[in-house]
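This report concerns only the one structure given below.
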Amino acid sequence: MNTKTENKICEHCKKGFEISSEDLNLYEKVGLVVPGNCFECRLKQHLAFFTFGKFRKGVSDLSGESLITILPNNPRYPVYKSHEWWGDGWDPFAYGQDYDPNRSFFDQLKALQEKVPRPHQLGKNNVNCDWCDDVWESKNCYLTRCFLQCENLHYGYRVLWTKDSFDIVYSFKLQKSYDCLECHDSFNLNFSENSRDCIDSYFLFDCRNCQNCFMSWNLRNKQYCIRNKQYTKGEYEKKLKTIKLDSYKNLERLKQEFEEILQKEAIHRENFNLRCTDSVGNYMTDCDKCVNVFSWEQSQNCRNSLRGFGSKDCIDQTVTWGNELSGNNSGVSGRAYGLKYSSWTDTSRYSEYLDMCVECEYCFGCVGLKKKKYCILNKQYDKDTYQKLKEQIISDMKKRGEYGKFLPYSMALCDYNLSTGTIYFPEVRKEEIVNKGGYWSEEDLSSHDGILSTDLPDSIKDTPSDITSKALICPETQYRFNISPTEYEFHKSRNLALPRLHFDQRILKKIRKTAIIKAYPYKCFYCKKDTSAYYPSEWGYKKIACEECYKSRIA
Ligand SMILES: [Zn+2]
Ligand SMILES: [Zn+2]
């Protein structure tokens, strides 16, 4: 048992950082090398392997079949259509390499990675979800990433069990909703944040079990409130009729008012953890003993991790779920056990340095394998030879200072500025990534061939349906985008102004509020007690409350 904290200098950013005794104990339990870089630098590197990308058309390197993908234009690896990748029309052993003790293992693994195909889209068991990525068991979704069991969801990001909704980020179980962030179990909820169990409402912040409310905050079990003021049903309906959501200018004014309420009026709690015990972090639900963990559900004893659920005894995990006794992985899913230093690997056990493998065990440094055992660099060995060669490689890697480090930046799947890393580390610049061997895109993706979206008619009422056949230019990114016929119908039927920004820009701007992974010190607005919260000072939130003061004010 470690009882002392270790103080280190980060190998990447050169800043001092601490590794707590609890971290050290979990590294030992999982069997990981104690990292030489700080939490932020570890996370930054993991996220380099998680493409956000930009949807584009392309063709399969196997069949020439057309495809839609978020992978880069000229990737370092072949791209196959997903059904081809999952099929048996290719053999990952065809790319097998002998281990060369005179070369860096990472260099050899990278050479292998560049030969083995990857699927054009992550995910399985979908119907009509071509313009999507990281999509699982979903139907009729469009321009959406990272979601499971959704139907008719357009422009979503990290969404579960949601139907008939548009512009939804980090939300579970919504129906007929629009423009929501961190909202759950709600129906016809619009322009809202951090709210649960709400119906037929607009511009809600931190509300629960509210119905027919407008521009309100910190409410519980209310009906017919506008700007936190109680009205009768008749008054509410009359007032609501005068609010013009069909006008873009008016909608922008309302959004501005909402932001000002967040700054001046709303009470902000230390964190948005729900039903958690002995845990530190934010946006955790049903977690026990999870520390320095963010956007994480139904887990026990996890540390230093971002985005996942259903895990136990895991550390340094980024975008993983269903893992046990695993660590230093990125994008690893489905009942992994004893898995380390791996990326985009599914249901694998007792393995290290896997990339894009499925149901493997006792494998080391492999890419694109399915249901294999005792393999190294995509070559099959018997159990004893595997064990001996693995030990030799680990010993060689230790001499080169490679062993125990995550896959290098040079193996990242896309340019860093098109990876999920930019969501959490928007301040990162090209030099930093390139100096570490990573990639950065200078490609100009802007376009001038279309109508500036700011020139659209102000009201949806004056916007004809043929807008869906026109190319629009986003004023912030200059990216070209379209209004889909389904989207137009949705806005028209609800009398909501059309968006003016490119769909990815809408998602990326919204996400920032849930992407803070550092606690800032504050004094509670009410009792002046020292507290910490996940709100950077530039957001200008005034009423940040400690948990006791928050609870005493909001039932
Ligand atoms: Zn660092
Ligand atoms: Zn207080």
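Values computed for the structure shown
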item: Lone unmet requirement of (1) open to solvent by 10 Å² or more (accessible area, probe 1.4 Å); (2) touching a Leu at 6+ places or on another chain (Cβ under 9 Å); (3) among the hydroxyl-bearing types (Ser, Thr, Tyr) for Thr347; result: (2)
item: Count of residues meeting criterion [within 14 Å of Phe503 (Cα to Cα) and in contact with a helix residue (DSSP H, G or I) (Cβ under 7 Å, 6 or more places away or on another chain)] in the range 144-171; result: 6
item: Flag if Leu251 is part of a helix (DSSP H, G or I) and out of contact with any helix residue (DSSP H, G or I) (no Cβ under 9 Å at 6 or more places or on another chain); result: yes
item: Residue match in the range 382-397 (condition: touching a residue at least 60 places away in the same chain (Cβ under 8 Å), open to solvent by less than 60 Å² (accessible area, probe 1.4 Å) and among the small types (Gly, Ala, Ser)); result: no
item: Any hit, the range 505-517, residues being more than 14 Å from ligand 2 (Cβ to nearest atom), farther than 21 Å from Lys461 by Cα and over 19 Å from the mean Cα position of the chain (by Cα); result: no
item: Residue within the range 192-213 that is assigned to a loop (DSSP other than H, G, I, E, B) and either modelled with pLDDT under 95 or aliphatic (A, V, I, L, M) (or both) present; result: no
item: Test: residue in the range 456-475 that is at pLDDT 95 or above and closer than 27 Å to Leu306 by Cβ; result: no
item: Restricting the range 526-548 to residues that are near ligand 2 (Cβ under 9 Å from one of its atoms) and without any contact (Cβ under 8 Å) to a residue 40 or more places away in the chain, the residue that is surrounded by the most Cβ atoms within 10 Å (Cβ to Cβ); result: Tyr526
item: Selection within the range 480-513 - open to solvent by less than 50 Å² (accessible area, probe 1.4 Å) and assigned to a loop (DSSP other than H, G, I, E, B); result: Ile483, Ser484, Leu496, Ala497, Leu498, Pro499, Arg500, Leu501, His502
item: All positions within the range 467-479 that are among the hydrophobic types (A, V, I, L, M, F, W, C) and either part of a loop (DSSP other than H, G, I, E, B) or touching a Gly at 6+ places or on another chain (Cβ under 9 Å) (or both); result: Ala471, Leu472, Ile473, Cys474
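The values are calculated or read from the model by the stated rules, or taken from the named source; none is laboratory data. Remember, predicted model here, so these are calculated numbers, not experimental data. Counting neighbours? That spans all protein chains shown, and the Cβs are built from the backbone with ideal geometry, glycine included. Ligands, DNA and RNA are stripped out before the accessible areas are found, and what is left, the full protein with its side chains, is counted by its heavy atoms. Shrake-Rupley method; radii C 1.70, N 1.55, O 1.52, S 1.80 Å.
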